[in-house]
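The values are calculated or read from the model by the stated rules, or taken from the named source; none is laboratory data. All values reported here derive from a predicted model rather than from experimental measurement. Cβ sites come from the backbone with ideal geometry, for glycine too, and all protein chains shown count toward neighbours. SASA here: full protein model, heavy atoms, side chains in, ligands and nucleic acids out. Shrake-Rupley method; radii C 1.70, N 1.55, O 1.52, S 1.80 Å.
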Amino acid sequence: MKNVLRTSLAFGLLLLLTNCSREKDLFTARLYHEMLTQYNIVFNGEQALLKACKSLKSSTELKFDSLLPVFINGSAKSVSSVRPDLEKAVSKGNKAILRHSMVIQGQQKNDVIDDSYLLIGKARYFNREYLQALETLNYLIQEFPRSEAAMEARIWAGRTETALGNYLNAKDRFEAIYRDRDLPNKLRDDAYAAYAELALAQHEHQDAFQLLQQALEEAKDKEVKVRWHYLSAQLLAKMGNDYEASRRFAKVVKMGPPYEYLFNAKLSQARNIDVGLQSPQEAYEALRKMLEDGKNRDHRDIIYYTMAEVADKLDDEEQVVHFLNRSVRTSTSNARQKGLSYLWLAQINFQEKQYERAQAYYDSTYQNLPRSHPSYERVEALKESLDKLVANLKTIALQDSLLALSKMGKEQRKEIVEGIIRQKKAEAEAQKRAEQEDQMDQLAFQSGPGRDGPGNLPGMGGGAQKFYFYSPQLRSAGVSQFVERWGNRKLEDHWRRKDKSINPNAPQPGADPAQADGGEAEGEETPPEFQMDTYLAQVPMTDSAKAASHQEIRDAFLENGLLYQEEIQDYLATIKTYEELLERYPDYEDKVKVWYGLYVSHKANDNEQAAERYKNLILQNHPDSKYAYLIKNDGKSPEPPDLKKVRLAYEKAYEAYANKRYSSARQQAKNGFEQYPQTKYGPMFLLLQALAEGYRGDEKAYRELLNKVVKRFPDSEQAAKADELLSQLPASEEQQGNQVKEQGKYKQDFSSMHRYVVLFPQKRADANKISIALANFNQRYFPNDQLRVKTIMMGTDKSLISVSGLANRDRAKRYLSTLVNEKALEKELISVNFQQFVISNVNFSNFYRSQDVSGYKKFYQKYYTSEGK
């Protein structure tokens, strides 16, 4: 009996296998291949695709301050992490087609093969292989036109055309689908939503909104419905329909969505209220409740920002500023939101022409706003302009005050300075109190109902008797406050100091060494900003120092005029600045530049009469100036020279020089320099002319031209070469007469920036200790000069430390004399053979390049020491 049963099973199995050929149109064959295709290979491929889509969705961070996506497709970065699953889906689809396709007499007999093509098309779409996806989907539509898979493929083909930017093709596809009465009900939501996606890509918000409403009528998935409702509300807001937008956001809230949707929907509901139809007080109340919710503690900044948006709708600028400041003060981790709050405050102050306050806010915006933000470049440009503007305003105010002090008697100066110090102390106390109040405000928020906080401490009216630091909420609040004020700081000593090389516990000149360990001295040293000498040291008492102060004022006025005119484009401020400059300095040497600025500004301000006045002044007094040229040519600069033509002219002149045709080379180089002095070939022509003169034997002309190269183009390679050639020449009669012993190397430019220099053997002194001593000295005696300490090598065995930032020769000499009198480097340089002096920045480049210590010392003794000056 068993043998009969086994024989029957074997015969049945053989019969089934012989009827499963892909080349025979048999029911058993179709059933066999369809089942293996759908429930084995395609199923596994669809599971891989589903896994990839879920991963893309979970890794996508929705940006609620911009329009939400209709579909979540992931980013290029997130797609790379799911690519193995997408490739698996494609592989399964191809495997199903290769193994189970049944094309008999030109017709596909396996009704599941179309699902395999659809699987491949979807996987390639998510893998961002749009052309391959479109090719697969088009094949499916063409080969299986009446199948449900083909209908779905038409939708995916439209989405693919949208992704490729082929909007006309996509619209044709969606129009055909939209009019198709045979469109299955289960595909209608995706079809309408995909059409809405195309409308959004073309910024057709009204069409996108209408299509989304139709998609919502058919949608079943709750997460999808929440996102589409939220997007619909955003579109209503985009179209200016605040009332309906606010109601739609309220609908999202009532749907019980995930936290991120709920939080942002509540914010958007408030910010989009129609103040003519809805109650602003209700919006404020809803936002205050959000502030009290512990889950929103790290989002108070954006809640306050939303309250500012409500206040803005009510034209209540005072409340706008108040809420924005609260937003900044409560920000913990969202730098982008903090940047947006600072940006709005910056814009308010900029529009009100409060440029100094705007500068501070733009600076904070720049530090917090991400580079990807569309306003970042504008913020960066305005920050740089306002930084310069405010620095110049401070320079003018400071130099005016110092010049005024210089005219007073000694006792009166001291009285004024004492008043300044009292004011500084009062400001420091006020800032300290404000910081303490801010901390108490923060802690008070944390100690609301149900929280541990100061209100619950013993003796403060609370019931709970908990030690302050046992409360995790308060510890968290403290961390948040620290990060808000100081940023994410590394745990280290002296964390508040920007320059760690400066030891705050190092003994200051004149301080008790016993206090060097950082212990608190009985009579703690007064900070420099509260010391009278700090201010008196800056007062210009000599004629040269006063002249330098006036020059700083003139330069500051001129630069601010240009900033107002060209970058800020506040023409009234430009006019006021330039007119004040000319009123204070009627003999200003660069008056034509100021006149032109006034001409342009008055013209931009539609004051033709005033513009005509300055136009005539320029044309009559400076007819050959570039400003006259600009006026005659409607502001158009001369056409830049053709550099290719200039290069050929130089090569031709150099060829004559190389072939020893020195007269021809000299003339060609001279012509080239006269025609193209402002190009990069200008110094090259001039040096070539000098070399040709030298070979012609005219030593005087040779020397004059080399000096001209150095003077006209001091930072060029040609100037360095000319300087080297000058040093090789014998002393001229003028030099032999001790008029210029430094061989044209050092300039008598005493009003420009200077630096202090100390030079010592590298192995005999510790450069780091000297730098720290100088930094401490600078902080105590010259805190307002913004001095910078730098160490560099001088040759192979010497170190050179410079302190740059000294305004002029008199300021530099005062620095050196104070340093010597206070014996600031005595400990570090004891028993060391060192040299110290001051030098202008222009002369320093020549000095360091040639390392001509002895040559500069002669120049220094003549023009800087008491014997020579």
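Here are the numbers for the structure shown:
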{"read-out": "Close pairs (8 angstrom Cβ cut-off, 6 or more residues apart or separate chains): under 15 Å from Arg647 (Cβ atoms) and at pLDDT below 90 in region 663-685, open to solvent by 60 Å² or more (accessible area, probe 1.4 Å) and among the β-branched types (Val, Ile, Thr) anywhere", "value": "none"}
{"read-out": "Count - residues of region 773-789 that are out of contact with any Ser or Thr (no Cβ under 6 Å at 6 or more places or on another chain), open to solvent by less than 40 Å² (accessible area, probe 1.4 Å) and touching a residue at least 24 places away in the same chain (Cβ under 8 Å)", "value": "8"}
{"read-out": "Among residues of region 174-211, those that are in contact with a Lys or Arg (Cβ under 8 Å, 6 or more places away or on another chain) and either at pLDDT below 90 or of a type outside the set (Asp, Glu) (or both), counted", "value": "5"}
{"read-out": "Filtered residue count, region 555-593, keeping only those that are surrounded by fewer than 21 Cβ atoms within 10 Å (Cβ to Cβ) and either in contact with a Lys or Arg (Cβ under 7 Å, 6 or more places away or on another chain) or in a helix (DSSP H, G or I) (or both)", "value": "22"}
{"read-out": "Any hit, region 631-649, residues being touching a residue at least 24 places away in the same chain (Cβ under 8 Å), touching a helix residue (DSSP H, G or I) at 6+ places or on another chain (Cβ under 7 Å) and over 30 Å from Leu562 (Cβ atoms)", "value": "yes"}
{"read-out": "Candidates Ala335, Ala311 - the one that is farther than 29 Å from Met239 by Cβ and of a type in the set (Gly, Ala, Ser)", "value": "Ala335"}
{"read-out": "In region 186-210, the residues that are crowded, with 17+ Cβ neighbours inside 10 Å and among the acidic types (Asp, Glu)", "value": "Asp189, Asp190, Glu197"}
{"read-out": "Test: residue in region 151-170 that is more than 21 Å from Glu87 (Cβ to Cβ) and not in a helix (DSSP H, G or I)", "value": "yes"}
{"read-out": "Considering residues of region 708-746 that are outside any loop (DSSP other than H, G, I, E, B), open to solvent by less than 60 Å² (accessible area, probe 1.4 Å) and of a type in the set (S, T, N, Q) only, the residue modelled with the lowest pLDDT", "value": "Gln735"}
{"read-out": "Selection status of Lys632, open to solvent by 70 Å² or more (accessible area, probe 1.4 Å), of a type in the set (Lys, Arg) and more than 30 Å from Lys615 (Cβ to Cβ)", "value": "no"}
{"read-out": "Scan of region 295-324 for residues that are open to solvent by 50 Å² or more (accessible area, probe 1.4 Å) and part of a helix (DSSP H, G or I), ordered by number", "value": "Lys295, Asp298, His299, Asp312, Lys313, Glu317, Glu318, Gln319, His322"}
{"read-out": "Within region 264-289, tally of residues that are in contact (Cβ under 8 Å) with a residue 40 or more places away in the chain and outside any helix (DSSP H, G or I)", "value": "1"}
{"read-out": "In region 803-814, the residues that are surrounded by 22 or more Cβ atoms within 10 Å (Cβ to Cβ) and within 23 Å of Pro761 (Cα to Cα)", "value": "Val803"}
{"read-out": "Residues satisfying the stated conditions in region 221-273, i.e. among the small types (Gly, Ala, Ser), out of contact with any Asp or Glu (no Cβ under 9 Å at 6 or more places or on another chain) and over 15 Å from Leu67 (Cα atoms)", "value": "Ala250, Gly256"}
{"read-out": "Those residues of region 345-361 which are closer than 23 Å to Ser66 by Cα and crowded, with 21+ Cβ neighbours inside 10 Å, in sequence order", "value": "Leu345, Ala346"}
{"read-out": "Strands (runs of 3 or more DSSP E) contained entirely in region 752-869, each with at least 3 residues that are modelled with pLDDT of 85 or more, in contact with a Pro (Cβ under 6 Å, 6 or more places away or on another chain) and among the hydroxyl-bearing types (Ser, Thr, Tyr)", "value": "none"}
{"read-out": "Residue match in region 173-186 (condition: over 18 Å from Leu211 (Cα atoms), assigned to a helix (DSSP H, G or I) and aliphatic (A, V, I, L, M))", "value": "no"}
{"read-out": "Residue in region 100-132 that is least open to solvent (accessible area, probe 1.4 Å), counting only those that are assigned to a loop (DSSP other than H, G, I, E, B), modelled with pLDDT of 60 or more and not polar (S, T, N, Q)", "value": "Val112"}
